[in-house]
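Asks: This is the structure, below, for whatever I ask next.
Computed from the coordinates by the stated procedures, all read-outs in this text should not be read as laboratory data. In this text, all values refer to a predicted model and were calculated from it rather than measured experimentally. In this analysis, Cβ positions are derived from the backbone assuming ideal geometry, glycine residues included, and neighbour counts consider all displayed protein chains.
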Amino acid sequence: MKRSLIFLLLLTFVHCGKDLSPFGGEPEITTLKPRLKPEWPNPNWKVVSPESVGVSSTKLGLVEEYAFTRTGDETDRKGRRTDALVILRNGKLIYEKYARNFSEDKIHLTWSVSKSILQTMYGIAVKEGLVKLDDPGYYHYEPLSRDEAHKKITIRHLLNMSSGLAAEEGYESGPLKSSVIAMLYTRGRKDMGAFCAGLPLRAEPGTQVYYSSCDTNILSAILKKVYGAEEYDKLPFEKIFKPLGITNVTFERDGSGTYVGSSYLYMTAKDLAKIGYLYLNDGVWNGERLLPEGWVQFTRTPAPGYKTTPYSEDLDQDNYTAHWYANTGVPERGVHEPWPDAPKDTFAGLGHWGQMLYVIPSLDLIIVRFGDDREKAFIKNDFLKLVKESVIR
Amino acid sequence: MKRKISVILSLLFLFILFWAQWNWKHLSSFPSIISSFYSKEYCSCYFVMQLSEEQCHDFARQWVPISEFKLDKENMSVTVKGLGRTNTAKFLSKEYGCTLVTE
């Protein structure tokens, strides 16, 4: 009895200072307004002067200076190293510049921005009625039926990065035990979905947000089962890229032919902006609804698992929604917005070494930035502040 | 004193042995990371992103140096040896890019 009392006391002290209580009410996500005069890029964006859409060229010069001034050593790959920057307002191209041997027709590795496009594939599968967000994954994908705990993982949990699977996302920091490295390069590379589904659980599915490339590649493997290998091979090309007029694109697969949705999509900056424009227009393209009603709303809503995720120092850097990021903080838990100087409604797809796709509905802006930053010298908030300040009306 | 040191050393050795056994699945696959990362990322850099050979070496280079490198432009493959392991990545097509060729 005495021992258990001491244990309980110890447990209380261990949790001191960690607020595990749910944060307040539902986040405020305003619905996107329908576009009155859409300018669909069929197949290319209309190019206009920044001033004609209310943006100052002089101020854009400061954005360019920030993005393209090399601040570090090139051979050691230090500092800010931008490869491409494209900015659109009101559906028109107002800024475009490339560096380090890239050009408008060269595709660039998007790393984890791929996750956000894998999410687009889910939007399509949901619209086609092939999957439901709350379907347990094992309904479609046998490796997730290994025990009762794994059977609780739903598609929504996976999209919210809340599967509870004990992945280790460390990249350069801890290569030995990193499951993302093992998945991409060694033990998991033959079949990434199966490798990831085999991980033990660290938390009850849905209760903890933990950013994990494994969650995405399980989703990718589920889609392969849902569509069948042949149709799945064509899925992103036929159902996303073709309608958007994207032809110059590569999507790499693992040893079993499953798209590496976590990491290996290659696109041009201007084509990636089209994905942003699809989301800015609430999933409608050229007058046709590609993504189901409410999908973009779901995309912009923080993962419910934040309510019960143990507080960590990384929490305020994540702000994960459903395979995208949103500029929403959790004030009740001391988690601030990730980009406090950007408009509150900013949402984004972000990837390793500085790949960025920003959508800012309130300013009708889309920004694509590609880079090869090997250290954290490109500060997203500083960059977004400069872009915001370039808007004069 | 001498005895004390040898006791400490044997304890340390035992600890390392225990740790290695505990982490064996991680340790055994670790050496392959160097060559598989280099070959895969170089292949994609060169054949998919179409950057220069020099840029692709910079892109794929890691802390641990590699010992052998072969860029086969005809077969569109990249073979790399590092930490005693060899891996090959092959360019498949424009749509599907490069994939590590399974050992």
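Asks: Using DSSP to define loop residues, name the GluC sites (Glu not before Pro) in the range A:283-363 whose beta-carbon has at most 16 other beta-carbon atoms within 10 Å.
Replies: For GluC sites (Glu not before Pro) across the range A:283-363 that sit outside H, G, I, E and B with at most 16 neighbouring Cβ atoms in 10 Å, the list reads A:Glu293, A:Glu313.
Asks: Kindly write out, for the range A:39-55 in residue order, the coupling ³J(HN,Hα) from the Karplus curve 6.51 cos²θ - 1.76 cosθ + 1.60 (θ = phi - 60°), rounded to whole Hz, with x marking Gly and Pro.
Replies: 10, 6, x, 10, x, 10, 5, 6, 9, 9, 6, x, 4, 5, 10, x, 10
Asks: A further question follows. Does anyone have the angle between helix A:269-280 and the longest principal axis of chain A? Alpha-carbon axes, 0 to 90°, nearest 10?
Replies: With both axes taken from Cα atoms, the answer is about 70 degrees.
Asks: Per residue, what volume in Å³ does the Cα convex hull of the range A:90-185 take up?
Replies: Cα convex hull per residue, to the nearest whole number: 189 Å³.
Asks: Using modelled amide H (1.01 Å from N, peptide plane; none on Pro or chain starts), what sits under 5 Å from the amide H of A:Val335, excluding residues fewer than 5 places away?
Replies: Here the answer is A:Val330, since their amide H atoms fall under 5 Å of that of A:Val335.
Asks: Going by a ≥ b ≥ c, the root eigenvalues of the Cα gyration tensor, does the range A:281-376 fall in the rounded group (a/c under 1.5), the prolate group (a/b larger than b/c) or the oblate group?
Replies: oblate
Asks: Under 5 Å between amide hydrogens, which residues at least 5 positions from A:Leu130 or on another chain qualify, with H placed 1.01 Å from N in the peptide plane?
Replies: Here nothing satisfies the definition.
Asks: Show me the chymotrypsin sites (Phe, Trp or Tyr not before Pro) within the range B:24-95 that DSSP assigns to loop and that have at most 11 other Cβ atoms within 10 Å of their Cβ.
Replies: B:Trp63
Asks: Can you give the angle from 0 to 90° between the axis of helix A:2-14 and the longest principal axis of chain A, with both taken from C-alpha atoms, to the nearest 10?
Replies: Its long axis makes an angle of about 10 degrees.
Asks: What does the structure give for B:47-57 when I average, per residue, the other chain Cβ atoms found within 10 Å of the residue Cβ?
Replies: 3
Asks: What helices does chain B have that are whole DSSP H segments, at least 24 Å long along their own axis by Cα, and with mean Kyte-Doolittle hydropathy of 0.5 or more?
Replies: The answer, listed by residue number, is B:2-22.
Asks: Charges on Cβ only, +1 for Lys and Arg, -1 for Asp and Glu, centred on the Cα centroid of the protein assembly as shown; of A:Gln355, A:Tyr211, A:Ala125, which one is farthest towards the dipole's positive end?
Replies: The listed residue farthest towards the positive side: A:Tyr211.
Asks: Now for a different question. When the helix-only estimate is applied to the protein assembly as shown (DSSP H runs of n ≥ 4, each -39,500 (n - 2.57), divided by the residue count), what is the mean residue ellipticity at 222 nm, nearest 500 deg cm²/dmol?
Replies: Helix-only estimate at 222 nm: -10000 deg cm²/dmol.
Asks: Considering amide H positions built from the backbone, and no H for Pro or chain starts, which residues 5 or more places from A:Tyr95, or on another chain, come under 5 Å of its amide H?
Replies: A:Ile87
Asks: I've got another one for you. To the nearest 10 degrees, how steeply does helix A:213-227 sit against the main Cα axis of chain A, on a 0 to 90 scale?
Replies: 80
Asks: Cross-link partners among lysines for B:Lys90, C-alpha distance below 17 Å, same-chain residues fewer than 8 apart left out?
Replies: Partners within reach: A:Lys190, B:Lys40, B:Lys70, B:Lys73, B:Lys81.
Asks: So for the pair A:Lys46, B:Ile8, with labels modelled 7 Å out along Cα→Cβ, what separation do we get in nm?
Replies: With each label placed 7 Å out from Cα toward Cβ, I get 7.7 nm.
Asks: Next up: Specify whether the C-alpha gyration tensor of the range A:149-220 places it in the rounded, prolate or oblate class, a ≥ b ≥ c being the square roots of the eigenvalues: rounded for a/c under 1.5, otherwise prolate if a/b is larger than b/c and oblate if not.
Replies: Values: a/c = 1.98, a/b = 1.49, b/c = 1.33.
It comes out prolate by the Cα gyration axes.
Asks: With Rg and the Kirkwood Rh both taken from Cα atoms, where does Rg over Rh land for chain A?
Replies: 0.97
Asks: When a footprinting reagent is the concern and you count Cβ atoms within 10 Å, what order do A:Met192, A:Met161, B:Met1 take, fewest first?
Replies: Values: A:Met192 31, A:Met161 26, B:Met1 5.
Sorted ascending by nearby Cβ count, the order is B:Met1, A:Met161, A:Met192.
Asks: Quick one: net charge around A:Asp134, please, counting Lys, Arg +1 and Asp, Glu -1 for every other residue with C-beta under 12 Å from its C-beta.
Replies: For residues surrounding A:Asp134, the net value is +2.
Asks: What ranking do A:Asp373, A:Asp254 get, fewest neighbouring Cβ atoms within 10 angstrom at the top?
Replies: A:Asp373, A:Asp254
Asks: Something else: Could you give each residue of the range A:229-239 its phi-based ³J(HN,Hα) in whole Hz, using Karplus coefficients 6.51, -1.76, 1.60 with θ = phi - 60°, and x for Gly or Pro?
Replies: 4, 5, 5, 4, 4, 8, 3, x, 6, 7, 9
Asks: In Å, the Kirkwood hydrodynamic radius of the range A:248-318 over pairs of distinct alpha carbons?
Replies: Numbers: mean 1/r = 0.0658 Å⁻¹.
Evaluated on the range A:248-318, it is 15.2 Å.
Asks: Quick one: grab the alpha carbon gyration tensor of the range A:318-369, order the square roots of its eigenvalues as a ≥ b ≥ c, and give me rounded if a/c is under 1.5, else prolate or oblate depending on whether a/b is larger than b/c.
Replies: Note, shape of the range A:318-369 comes out oblate.
Asks: Can you pull out the GluC sites (Glu not before Pro) in the range B:1-80 that DSSP calls coil and that have at most 12 other Cβ atoms within 10 Å?
Replies: Within the range B:1-80, the qualifying GluC sites (Glu not before Pro) (loop, at most 12 other Cβ atoms within 10 Å) are B:Glu74.
Asks: Also, quick follow-up: Over all directions, the average projected area of the alpha-carbon convex hull for the range A:178-332 comes to how many nm²?
Replies: 10.5
Asks: So what's the range A:132-262 giving for Cα Rg divided by 2.2 N^0.38 Å, two decimals?
Replies: That works out to 1.05 for the range A:132-262.
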